[in-house]
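A.B. asks: Here you go, one structure.
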Amino acid sequence: MIVEGKAKINLEIPKVVSTQMGVFYNPIMRLNRDISLLIMLSMGREITVCDILAASGVRLIRALLEVPNVQKVVYNDVDPESRDKFWETLIINQIDTDKVEVHTEEANLLARRLKGIDYLDLDPFGSPIPFLESCLFPVSRYGVLSVTATDTSVLSGTYPQTCMRRYGARPLLEADFYHEVGIRILVKKVVEEGAKHDYAFIPVFAYSYKHHMKAFFIKDIGARRVDKLLESIGYLQYCSNCLYTGGVKLEQITQSCPYCGSNLHHAGPLWLGKLWDEALVENLWINRGKVDIWHETNKLLKKIREESRKQTIGFYTISSIGRAFKIGNLPTIDKFLKEFEGVRTHFRGDGFRTSFSHVEFLEKIGKLKT
C-alpha cells in the first residue's frame with residue numbers, strides 16, 4: 001500500500017517507472033501533485049477539478065481528501081485497468097462517489113466536450129503538445145490550466161529541430177540557464193495556442209524539477225487581453241564570452257554583443273515576461289502547511305519564494321563566470337549573493353539572479369579578478 005499525502009493506493013512500484021508498468025504511478029512526481037493541490041487551495045472558491053490523463057488518479061484522490069474547496073473531480077484515462085484501479089482507490093479512501101465523474105476516453109475528444117472546469121491538469125508522459133489545444137476549451141474563465149512537459153531534453157536544447165517542430169522555437173544549450181529557456185518556450189507555446197481562440201492564458205507559476213517542467217496559467221477571454229499578453233513574447237540574446245543576456249523583439253535582434261563584440265547566440269520566440277505572480281507565490285508559501293506536502297516540495301517553494309523577488313531573464317552561474325573570465329579561485333555562492341545583491345535560483349545550484357545592469361556586473365567581475 002502506497003501512501004501519498006492523505007491518499008492510500010494499492011499499487012506495486014517497479015524498479016523502473018515506465019509506460020509499460022500497467023497502472024502508471026511515479027513517486028517522484030509527488031512534487032508536481034503537491035504544487036497542484038496548493039494552487040487549487042489558492043483559488044479559494046468551490047471548484048471542479050479535471051485530470052485529463054489521470055492514470056492512477058492519485059492527484060484527484062488527494063484533491064478530495066486534502067483541499068476543502070474541491071467539490072467535484074473529473075477522472076479520465078483511456079486505459080480500463082487504470083479506471084478500475086481508480087474505483088478501487090476511491091473505496092479504499094472512503095470517498096463519496098457522488099463527487100466523482102469517471103471517463104475512459106481519448107483525452108482530446110473528452111476535453112472538447114467538457115465545460116466548466118475550474119482547474120485542469122494536463123500531465124502527459126512526454127510532450128503536452130498532442131493534447132494542448134483541446135485542453136484550452138473546457139477551462140472556465142479565471143480557471144487554471146496546468147501544463148506539464150517531460151520532454152525536457154527537447155525544450156532545453158539537446159534536440160533543437162524537434163523543439164522547433166513541436167514548440168515553434170529555438171532552444172539554447174549554450175547557456176547554463178537552458179532549463180529556464182525551456183520553461184519560457186513552453187509558456188510561449190501555451191500563450192500562443194490560447195491566442196488563436198482569443199483566450200488569454202496568463203502564466204502565474206512555473207518550475208523545473210528533475211525530468212519535468214510545469215507551468216500554471218489563469219484563463220481570461222478577449223482579443224485586447226490577448227494582444228497585451230503577446231507583447232511579452234520575443235527573443236533572447238546571449239553572449240558566452242561576457243555573459244550578456246537580453247530579451248528583445250524581432251526587429252531588435254543583433255548578431256554582435258553590444259558589450260564585447262562577440263557573436264551572439266539566440267533563442268526563441270519565447271516568453272519574456274514574469275514566470276511568477278509574487279502574490280500567488282506568497283499564498284502558496286503561507287498555506288503550504290494546509291496540504292500534506294513532501295520535503296522536496298517545501299525546498300522548491302522556499303527557493304522560488306526568494307527567486308520571484310528578482311524576475312530577470314536568465315541568470316549568472318559561478319561556473320560560467322569562471323569559464324568566461326578565466327577565474328580559477330572563485331568565491332562561494334554566498335559571497336556572490338552579497339556582492340551582487342542577488343538571489344538564488346531553483347533552476348541551478350550555482351546560479352543567482354541580480355538586478356544589477358550588465359555594465360555593473362562587468363565592473364564587479366573586474367574587481368574580482370584583481
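The values are calculated or read from the model by the stated rules, or taken from the named source; none is laboratory data. Note that the coordinates shown come from a computational prediction; the quantities given were computed from them, not determined experimentally. Cβ atoms come from the backbone with ideal geometry, glycine included; neighbour counts cover every protein chain shown. These area figures cover heavy atoms from the full protein model, side chains too; ligands, DNA and RNA do not enter into them. Shrake-Rupley method; radii C 1.70, N 1.55, O 1.52, S 1.80 Å.
A.B. asks: Over the chain, what is the relative contact order in whole percent, taking alpha-carbon pairs under 8 Å and six or more residues apart? Could you put the intermediate results ahead of the total?
C.D. replies: Values: 714 pairs, mean separation 46.5, N = 370.
About 13 percent, as a whole number.
A.B. asks: Here is a follow-up. Express the carbon and sulfur contribution to the solvent-accessible surface of the chain as a percent, rounded to the nearest whole number, probe 1.4 angstrom.
C.D. replies: Numbers: 8070 of 16120 Å².
Ligands and nucleic acids excluded, carbon and sulfur reach 50 percent.
A.B. asks: Could you go through region 241-255 in sequence order and give the Karplus-derived ³J(HN,Hα) for each residue, using 6.51 cos²θ - 1.76 cosθ + 1.60 with θ = phi - 60°, rounded to whole Hz, and x for Gly and Pro?
C.D. replies: Computed from phi, the couplings for region 241-255 are 7, 10, 6, 5, 10, x, x, 9, 7, 3, 6, 9, 4, 10, 9 Hz.
A.B. asks: State whether region 271-311 is rounded, prolate or oblate according to the following rule on the C-alpha gyration tensor (a ≥ b ≥ c being the square roots of its eigenvalues): a/c under 1.5 gives rounded; otherwise a/b larger than b/c gives prolate, and the remaining case gives oblate. Don't skip to the end; give the middle numbers.
C.D. replies: Working: a/c = 2.54, a/b = 1.91, b/c = 1.33.
Note, shape of region 271-311 comes out prolate.
A.B. asks: Classify region 294-343 from the C-alpha gyration tensor, please: rounded if a/c falls under 1.5, else prolate or oblate depending on whether a/b exceeds b/c. Could the numbers behind the result be given before it?
C.D. replies: Details: a/c = 2.31, a/b = 1.93, b/c = 1.20.
The shape class here is prolate.
A.B. asks: Does region 1-131 come out rounded, prolate or oblate, given a ≥ b ≥ c as the square roots of the eigenvalues of its C-alpha gyration tensor, rounded meaning a/c under 1.5 and, failing that, prolate meaning a/b above b/c? Before the final figure, lay out each step's value.
C.D. replies: Working: a/c = 1.38, a/b = 1.13, b/c = 1.22.
Cα axes put region 1-131 in the rounded bin.
A.B. asks: May I ask for the angle, rounded to the nearest 10°, between helix 358-369 and the longest principal axis of the chain, with both axes built from Cα atoms and the value confined to 0 to 90°?
C.D. replies: 70
A.B. asks: Now for a different question. Would you kindly derive the ³J(HN,Hα) couplings of region 347-353 from the backbone phi angles with the Karplus curve 6.51 cos²θ - 1.76 cosθ + 1.60 (θ = phi - 60°), listing them in order in whole Hz, with x for Gly and Pro?
C.D. replies: 6, 7, x, 9, x, 8, 9
A.B. asks: Out of these labelled values of Rg and Dmax of the Cα atoms in Å, [x] 32.1, 109; [y] 30.6, 105; [z] 21.5, 71, which was calculated from the coordinates shown here?
C.D. replies: Of the labelled values, this structure produces [z].
A.B. asks: Between Ile91 and Ser256, what length in nm is gained on full extension when 0.36 nm per residue of separation is reduced by their alpha carbon distance? Could the numbers behind the result be given before it?
C.D. replies: Values: separation 165, 0.36 × 165 = 59.40 nm, distance 6.34 nm.
Working it through step by step, the gained length comes to 53.1 nm.
A.B. asks: Once amide H atoms are placed 1.01 Å from N in the peptide plane, what residues at a sequence separation of 5 or more from Phe205, or on another chain, have their amide H within under 5 Å of its amide H?
C.D. replies: Long-range HN contacts for Phe205: Phe216, Asp277.
A.B. asks: Quick one: accessible area per residue over the chain, 1.4 Å probe, rounded to a whole number of Å²? Present the calculation step by step, with values, prior to reporting the outcome.
C.D. replies: Details: 16120 Å² over 370 residues.
Each residue of the chain exposes 44 Å² on average to a 1.4 Å probe.
A.B. asks: Spelling out what I want: for every residue of region 27-38, take phi, set θ = phi - 60°, compute 6.51 cos²θ - 1.76 cosθ + 1.60 (Karplus), and round to whole Hz; glycine and proline get x.
C.D. replies: For region 27-38, the Karplus-derived couplings read x, 5, 7, 4, 4, 4, 6, 4, 4, 4, 5, 5 Hz, x marking Gly and Pro.
A.B. asks: I'd like the distance between the alpha-carbon centres of region 313-363 and region 210-242, rounded to an integer number of Å.
C.D. replies: 24
A.B. asks: For Asn329 paired with His266, estimate the spin-label separation in nm (one decimal), with each label point 7 Å from Cα along the Cα-to-Cβ line.
C.D. replies: Once both label points are built, they end up 4.3 nm from each other.
A.B. asks: While we're here: Given a cut-off of 22 Å, name the pairs among Lys188/Lys274; Lys8/Lys299; Lys189/Lys228 whose C-alpha atoms lie farther apart than that in the structure shown. All intermediate terms of the calculation are to be shown ahead of the outcome.
C.D. replies: On the way: Lys188/Lys274 12 Å; Lys8/Lys299 24 Å; Lys189/Lys228 16 Å.
As for pairs spanning more than 22 Å Cα to Cα, those are Lys8/Lys299.
A.B. asks: Contact order normalised by length for region 229-332, with contacts defined as Cα pairs under 8 Å and 6 or more residues apart; what percent is it?
C.D. replies: Values: 114 pairs, mean separation 28.4, N = 104.
Contact order relative to length: 27 percent.
A.B. asks: May I ask you to derive the relative contact order of region 45-136, considering only C-alpha pairs under 8 Å and at least 6 residues apart, and to give it as an integer percent?
C.D. replies: Numbers: 148 pairs, mean separation 32.1, N = 92.
Worked out over region 45-136, it gives 35 percent.
A.B. asks: Further question on the same structure: Excluding residues fewer than 8 places away in the same chain, name every one of the aspartates and glutamates whose C-alpha is closer than 17 Å to that of Lys302.
C.D. replies: Asp34, Asp277, Glu278, Glu282, Asp292, Asp334, Asp350
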